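The values are calculated or read from the model by the stated rules, or taken from the named source; none is laboratory data. In this text, all values refer to a predicted model and were calculated from it rather than measured experimentally. Glycine gets a Cβ as well: all are built from the backbone with ideal geometry, and neighbour counts include every protein chain shown.
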Amino acid sequence: MSERLKRLITEQNTTWQRMQEIQAAADAEGRDLTAEERSNWDQAETRLTEVSGDIERLNKMASLDKIDRSQIVTASGPTEERNQQDTAEQYTGAFSRYLRGGMDRLTSEQRILLMENDARAQGNAPDTAGGFLVPDEFRNVMTEAMKAFGGLLGLAEVITTATGADLPWPTNDDTANEGEWLGENQPAGEQDFAFGGRKLKAYTASSKQVKLPVQLLQDSAFNLEQWVPKKLGERIGRRAARSWLTGTGVDQPEGLVTSGVVGKTGAAGQVTSVVYDDLIDLEHSVNSAYRANGQYLFGDSLLKVLRKLKDLDGRPLWQPIPAPGFPATINGFAYTVDDSMPGPAASAKSIAFGDFKAGYVIRQVLDVQTLRLVERYAEYLQVAFLGFARFDGGIQDSNAIRLYQHPAS
């Protein structure tokens with residue numbers, strides 16, 4: 001754990017304790033907060049929100065491993081590994097030179113290296129108009145940038161494939177069936193498994209164009225290899241995160257909120273609020289077999305609402321991180337903030353609860369492509385970069401997750 005994270009956890013707990021002391025002093029005297037106390041409370045709450053957000057982001061980045069390409073390549077000996085490492089370094093150098101200067105700046109060996117690698121990875125003839133597959137260093141930076149925006153990505157089951165071919169994904173719900181007692185000399189009965197399934201596809205997400213002046217590309221002090229993937233990753237990451245939650249399933253992933261089952265609908269009047277009893281009902285709408293691994297997922301605007309809730313004994317439902325290594329909780333369950341979740345509003349499904357790894361699957365294709373556009377903006381002395389990544393996602397076990405929906409009015 002980093003020193004920064006430790007400091008933030010300590011500050012979060014100290015700030016939360018100060019807020020509790022302000023409220024406890026007023027409660028002990030049976031009065032409302034004074035103007036000064038209310039001002040101190042508001043300032044503390046603002047800082048608590050900032051610190052909690054920083055902790056959430058740092059924990060998310062720390063808990064998610066980078067994609068490891070070694071998991072999908074065949075084993076090799078020391079000599080072959082050295083050759084692969086040398087080739088990877090040469091490819092990285094060629095790709096970096098391509099970013100700054102385009103194809104014209106490459107040597108013939110570098111052009112062949114880029115095109116041959118692209119052809120091997122995609123199983124087709126090289127096509128320089130389609131861009132090149134980014135090297136590991138570039139791809140990993142992009143992957144990390146994407147993770148910062150998708151809370152569900154850190155909770156769901158993630159399948160990484162080397163190609164974008166359709167991936168059959170079987171499902172089975174055998175919970176209604178059970179075994180039997182056998183009498184003496186009686187044969188065992190039959191009960192087949194009922195298999196369902198879907199195909200995980202590889203829908204293409206684009207970063208849109210990122211335009212840079214030629215003068216900046218010529219400046220060796222500008223870290224192009226870090227800046228470009230970060231920006232492309234941020235854009236693709238925001239779009240993918242939103243689709244995993246609210247996607248239509250048509251030319252994009254099937255969203256958890258779009259197709260998930262509502263486990264609890266708030267009573268009339270709870271359009272922008274949530275009550276304690278509704279959270280209890282939501283938790284118990286998920287079968288106890290999944291509830292043991294249950295977590296909450298919601299946006300930051302909903303977290304602000306939940307932090308004000310108290311149980312029947314007047315204890316806050318939200319609890320800060322008790323010690324390094326432990327998560328903050330809502331009613332005893334860990335939570336993840338994803339701002340792609342709808343906020344509290346009429347008929348909005350603003351909270352998801354359950355075992356997300358069992359309930360939702362994300363498919364991502366390993367290789368990311370980038371395209372360098374030179375001629376289109378030549379008169380402006382600009383070069384555009386365009387990133388592509390392929391994903392899918394969908395509910396794999398509808399029993400594992402339930403949603404809270406606000407009433408219509």
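The rows are residues; the columns are (1) under 30 Å from L312 (Cβ atoms); (2) of a type in the set (S, T, N, Q); (3) surrounded by fewer than 22 Cβ atoms within 10 Å (Cβ to Cβ); (4) free of Cβ contacts under 8 Å to residues at least 60 places away in the same chain.
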residue	(1), (2), (3), (4)
R242	no, no, yes, no
G247	no, no, no, no
D251	no, no, yes, yes
T258	no, yes, yes, yes
V261	yes, no, yes, no
K264	yes, no, yes, no
G269	yes, no, yes, no
D278	yes, no, yes, no
N287	yes, yes, yes, no
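Scanning the stretch 158-193 for residues that are of a type in the set (A, V, I, L, M) and either loosely packed, with under 10 Cβ neighbours inside 10 Å or under 39 Å from the mean Cα position of the chain (by Cα) (or both) yields V158, I159, A162, A165, L167, A176, A188.
What strands (runs of 3 or more DSSP E) completely inside the stretch 350-409 contain at least 3 residues that are within 20 Å of T265 (Cα to Cα) and touching a residue at least 12 places away in the same chain (Cβ under 8 Å)? Step through it out loud before you land on a result.
Working: elements: 360-365, 369-373, 382-395, 401-405.
Output list reads 401-405.
Counting only helices (runs of 4 or more DSSP H) that sit wholly inside the stretch 243-297, those with at least 1 residues that are farther than 21 Å from A328 by Cβ and of a type in the set (S, T, Y) are 256-259, 288-291.
The test for being of a type outside the set (D, E) and at pLDDT below 85 does not hold for A165. Remark: pairs (first residue in the stretch 15-39, basic (K, R); second residue part of a helix (DSSP H, G or I); Cβ separation under 6 Å; 6+ apart in sequence or on different chains) = R18/A44. Within the stretch 173-212, the set of residues being in a strand (DSSP E or B) and farther than 30 Å from L381 by Cβ comprises F195, G196, G197, R198, K199, L200, Y203.
Do we find that E225 is within 28 Å of the chain's Cα centre (by Cα), among the charged types (D, E, K, R) and farther than 30 Å from D355 by Cα in this structure? Taking the combined requirement at face value, the residue satisfies it. Mind checking which residues of the stretch 224-245 are in contact with a strand residue (DSSP E or B) (Cβ under 7 Å, 6 or more places away or on another chain), of a type in the set (A, V, I, L, M) and closer than 19 Å to D338 by Cα? The answer is I236, A240. Of everything listed in (1) among the acidic types (D, E); (2) more than 30 Å from V210 (Cβ to Cβ); (3) out of contact with any helix residue (DSSP H, G or I) (no Cβ under 7 Å at 6 or more places or on another chain), the single unmet condition for E379 is (2).
Taking D338 as the residue in question, decide whether it is crowded, with 16+ Cβ neighbours inside 10 Å and under 30 Å from K6 (Cβ atoms).
Details: crowded, with 16+ Cβ neighbours inside 10 Å: yes; under 30 Å from K6 (Cβ atoms): yes.
Considered against the rule, which asks whether it is crowded, with 16+ Cβ neighbours inside 10 Å and under 30 Å from K6 (Cβ atoms), D338 comes out as yes.
Taken over the stretch 379-409, the criterion of being within 30 Å of K199 (Cα to Cα) and β-branched (V, I, T) is satisfied by I395, I401. In the stretch 196-224, the residue that is surrounded by the most Cβ atoms within 10 Å (Cβ to Cβ) out of those that are closer than 26 Å to R363 by Cα and charged (D, E, K, R) is K201.
Going through A26, A44 one at a time, which residue ends up being assigned to a helix (DSSP H, G or I), at negative phi and surrounded by fewer than 17 Cβ atoms within 10 Å (Cβ to Cβ)? Write out each step before concluding.
Working: A44 fails: surrounded by fewer than 17 Cβ atoms within 10 Å (Cβ to Cβ).
On inspection, the qualifying residue turns out to be A26.
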